[in-house]
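The values are calculated or read from the model by the stated rules, or taken from the named source; none is laboratory data. What you see is a predicted model; the values in this text were computed from it and never measured. Cβ sites come from the backbone with ideal geometry, for glycine too, and all protein chains shown count toward neighbours.
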Amino acid sequence: MTKLPLIINFVLFQTVWFLSLFFEAQSVLYTSVIVVLMFALSKQRKLDALLLVKALPIALLCEYLATELNLLEFKVSPFPLWLVLLWAALILCLNTSMAFITNLKVWQAYLVCLAFAPISYYSGAQFGVLDIYTPVWAFWLLYGALWAAAFTLILIINQKIKSILKFSKQ
């Protein structure tokens, strides 16, 4: 398999991330187009469509809980539309440029998310995109645990959908 689809998927996600970071609400039109493009370029559209339907509500519940627990606050309550699109783009990476994480054991994926997911939000706070209301170490630990739990659940759902789709092809 050529690595070009992986590279394109990665670059498109990073584009959504940076557009969201620098332009926030003004990025919504552009990021929407990129998310649609990511889906159109997907080699596993059925899997990605089902995953979006199942995973996006979990991701948004995670963000809602984080705001309700005062772990973070966005300029728009409970969270902005650009964040929804950012999550959609991330979910569309799961079976392409982030497929490596699906090969980890559940506990390993949880620890990777716990360690690295909060940096994205911390970076956003440094740019004034959101506010973090706890000390950084507490935010990292608490939000990291919440985000890691949500994303690990998404990984498990992804595996279940893959199994069902594989079974239905037989």
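Annotations
- Selection from segment 66-98 of residues that are in contact (Cβ under 8 Å) with a residue 60 or more places away in the chain and in a helix (DSSP H, G or I): A66, W82, L83, L85, L86, A89, L90, I91
- Subset of segment 120-150 [exposed (fewer than 15 other Cβ atoms within 10 Å of the Cβ), assigned to a helix (DSSP H, G or I) and over 17 Å from the mean Cα position of the chain (by Cα)]: Q126, V136, W137, A138, L141
- Enumeration of residues in segment 151-170 that are over 19 Å from the mean Cα position of the chain (by Cα), without any contact (Cβ under 8 Å) to a residue 60 or more places away in the chain and in a helix (DSSP H, G or I): S163, I164, K166, F167, S168, K169
- Residues located in segment 23-45, provided they are within 21 Å of F74 (Cα to Cα), under 15 Å from the mean Cα position of the chain (by Cα) and buried (at least 21 other Cβ atoms within 10 Å of the Cβ): T31
- Hey, K105 within 20 Å of A148 (Cα to Cα), surrounded by fewer than 16 Cβ atoms within 10 Å (Cβ to Cβ) and either of a type in the set (K, R) or touching a residue at least 40 places away in the same chain (Cβ under 8 Å) (or both) or not: yes
- There is no residue in segment 66-82 that is touching a helix residue (DSSP H, G or I) at 6+ places or on another chain (Cβ under 9 Å), modelled with pLDDT of 95 or more and under 14 Å from T152 (Cα atoms).
- Selection within segment 39-65 - touching a residue at least 12 places away in the same chain (Cβ under 8 Å), assigned to a helix (DSSP H, G or I) and not aliphatic (A, V, I, L, M): F39, K46, D48, K54, C62, E63, Y64
Here is a yes/no grid of residues against (1) touching a Phe, Trp or Tyr at 6+ places or on another chain (Cβ under 9 Å); (2) closer than 15 Å to A99 by Cα; (3) loosely packed, with under 14 Cβ neighbours inside 10 Å; (4) not hydrophobic (A, V, I, L, M, F, W, C):
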site: P5; (1), (2), (3), (4): no, yes, no, yes
site: F10; (1), (2), (3), (4): no, yes, no, no
site: T15; (1), (2), (3), (4): yes, no, no, yes
site: F18; (1), (2), (3), (4): no, no, yes, no
site: L21; (1), (2), (3), (4): yes, no, no, no
site: L47; (1), (2), (3), (4): no, yes, no, no
site: V53; (1), (2), (3), (4): no, no, yes, no
site: L61; (1), (2), (3), (4): no, no, yes, no
